[in-house]
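Before any comments, here is the structure.
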Amino acid sequence: MNDRYQSPLSERYASKEMQYIFSPDMKFRTWRKLWIALAEVEHELGLNITQEQIDELKAHQDDINYDVAKEREALVRHDVMSHVYAYGVQCPKAKGIIHLGATSCYVGDNTDIIVMKEALLLVRKKLLNVVNELAKFADKYKALPTLAFTHFQPAQPTTVGKRATLWMQELMLYLEDLEHIIGSLKLLGSKGTTGTQASFLELFDGDQETIDKIDPMIAKKMGFESCYPVSGQTYSRKVDTRVLNVLAGIAASAHKFSNDIRLLQHLKEIEEPFEKNQIGSSAMAYKRNPMRSERIASLARYVMVDAMNPAITSATQWFERTLDDSANKRLSVPEAFLAVDGILDLYLNVVDGLVVYPKVIEKRLMSELPFMATENIMMDAVKAGGDRQELHERIRELSMEAGKNVKVEGKDNNLLELIAADPAFNLTLEDLQKTMDPSKYTGRAKEQTESFLKNVVNPVLEANKELLGLTADIKV
């Protein structure tokens, strides 16, 4: 296999579980389940199809004779009819009733919906596990003060746990979107060449009441509540657009998380896991590159761009069907899922092994805290008899002097010493240092984290506790 292209999504990134969902085995076994469901419905509604024929179809549901189908497709150039033929070779008694009244999209489109639903359920499961690990992290560090940034410039302090709630909140939004998409997916059903069910009108001698039962019965047998009420030959490609938009959103949020981790690793405050024998650089042996977070970003960009494919496809379909969607769908939909699967495995792996360096976090925060404490210092000085307006101007001047010492002279922040030396403030250095408790400046970060976990996250995790406990297997 080293003499031909191999997809990195299969070889390096996606899990075996997600790969199976988009495998030929899953696809063609589902085709056969759909043919069995159709035969059962037609039998139950009175067509001349016997239980013996259905039993024969069921007996060969999973032992697909791929060699026969492949040889036939080389001859007739039609994948569905090749598999109808191959199934008929195994089921001579049922050969004549396989695919009765259906068109190719009966198996093709219904299978696509079934496969996407299974894949969405796996994405949901992994997303829940990522949220679960983030919740543990947020709870553990909910009270650890850290320097917060706006524009990547020092701003007011927050806590490490509160920052994690920002990552979590976006994922919770997409859990809601996943619930909606999964719950709203419908099968195409069996509506024929242009969606009019004309073939069934012929098969059932114009019995409209009986024909109305076909799609609901097929849906129930395949584990769905209903079929789309109207269609052309295919289900609307807008469905694929909705699905990939959710995947692209998850990817974008994972990308944002990976950006923050890469920046924090640069600051030496928080690092992604780094294994004992891992090599960070071929040249610089000391390096610990955030390669997993970088890979999250890389795959996420692919998914975000890939989401344009079904949008363009749905916009350019002609009337009841054209086939310019087919080759694109075979690539864009599976690869979006495989990439998101890889992203979530990486996300889970990174969060599960995040390394926090409280001393570094404290040192950086303390180097900036005097600037942020100036309002409190000013209030204390007013209480000691100072003039608010004069003190405000002195603090501004001293802050600029301290800033110059840091930026120009490369010295430590000496704002507290400058204020202590200024008689206008009537405060000692000891008095000022008492104000340097970082927890005084984190606002309600701890309480917000606790509330978010209690009221938003934990109820969802508790309701889905049977899905939790995953660990991620990272191949490279």
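Here are the numbers:
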item	result
Cleavage-rule hits (trypsin sites (Lys or Arg not before Pro)) in the stretch 54-112: DSSP loop, at most 10 neighbouring Cβ within 10 angstrom	ARG77
Rg(Cα) / (2.2 N^0.38 Å) computed for the stretch 9-97, rounded to two decimals	1.25
Dipole moment magnitude, nearest 20 debye, the chain about Cα centre, only Lys, Arg, Asp, Glu C-beta charged	920
Low-density loop cleavage sites - trypsin sites (Lys or Arg not before Pro) in the stretch 322-423, where at most 16 other Cβ are within 10 Å (DSSP)	LYS411
Debye intensity ratio in log₁₀ form over the Cα atoms of the stretch 104-360, taken at each q of 0.14 Å⁻¹	-0.94
Label-zone membership for the stretch 429-462, site GLU401, 7 angstrom Cα→C-beta point, backbone N under 19 Å	429-433
Equivalent-ellipsoid semi-axes of the stretch 265-423, from the Cα gyration tensor, Å, largest first	54, 25, 13
Extended-chain gain in nm, criterion 0.36 nm per residue less alpha-carbon gap, ASN426 and GLU176	84.4 nm
Cut-off 20 Å (backbone N to label point 7 Å along Cα→Cβ of PHE274), residues of the stretch 338-379	346-364
The stretch 283-385: chymotrypsin sites (Phe, Trp or Tyr not before Pro) in DSSP loop, at most 16 other beta carbons within 10 Å	TYR286, TRP318, PHE319
Positive-end residue of LEU461, MET304, SER367, charge dipole of the chain with Cβ unit charges	SER367
Cα-based Rg / Dmax (Å) for the stretch 69-159	27.1, 77
Charge dipole (debye, nearest 20) of the stretch 374-435; +1 at Cβ of Lys and Arg, -1 at Cβ of Asp and Glu	140
Charge sum, other residues only, whose C-beta stays under 12 Å from SER258's C-beta, Lys/Arg counted +1 and Asp/Glu -1	+2
As computed over the chain, the Cα convex hull volume per residue (Å³)	203
Computed helical MRE - 222 nm, the chain, DSSP H runs ≥ 4 contributing -39500 (n - 2.57), nearest 500	-19500 deg cm²/dmol
Charge-dipole axis of the stretch 104-360 as Lys and Arg at +1 and Asp and Glu at -1 on Cβ define it, positive-most pick from ALA251, LEU323, PRO154	PRO154
Total charge dipole magnitude, the stretch 362-476, about the Cα centre, Cβ charges on Lys, Arg, Asp, Glu only, Debye to nearest 20	380
Three-way shape label, the stretch 143-267, alpha-carbon gyration tensor, a/c 1.5	prolate
Selection from ALA74, HIS43, HIS60 lying farthest towards where the dipole of the stretch 9-97 points positive, charges on Cβ	ALA74
Alpha-carbon Rg with Dmax, taken over the stretch 374-435, Å	11.3, 34
Radius 10 Å from Cβ of LEU418, net charge of other residues (Lys, Arg +1; Asp, Glu -1)	-3
Where only C-alpha atoms are counted, convex hull volume of the stretch 46-88 per residue in Å³	77
Inter-label distance for ASP205 and THR322, nm, one decimal - labels placed 7 Å from Cα along Cα-to-Cβ	4.3
Cα-based helix-to-principal-axis angle, 104-140 vs the chain, degrees rounded to 10	20
Efficiency of FRET between MET379 and TYR357 - r from beta-carbon atoms, R0 35 angstrom, step 0.05	0.60
Mean separation of Cα contacts under 8 Å (6+ apart) over length of the stretch 9-97, as relative contact order %	24
Inter-label distance for VAL305 and SER7, nm, one decimal - labels placed 7 Å from Cα along Cα-to-Cβ	1.7
Set LYS383/LYS404; LYS27/LYS186; LYS58/LYS221 screened for pairs whose C-alpha atoms are more than 20 Å apart	LYS383/LYS404
Linear extension gain, ALA59 paired with SER236, 0.36 nm per residue minus alpha-carbon span	60.4 nm
Tilt relative to the chain, helix 291-306 - C-alpha long axis, 0 to 90 degrees, to 10	50
Degrees, to the nearest 10: 388-407 long Cα axis against longest axis of the chain	70
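Every number in this text was worked out from the coordinates using simple rules, so none of it is lab data. Computed from a predicted structure; not experimentally measured. As a convention, Cβ positions derive from the backbone with ideal geometry for all residues, glycine included, and neighbour counts pool all protein chains shown.
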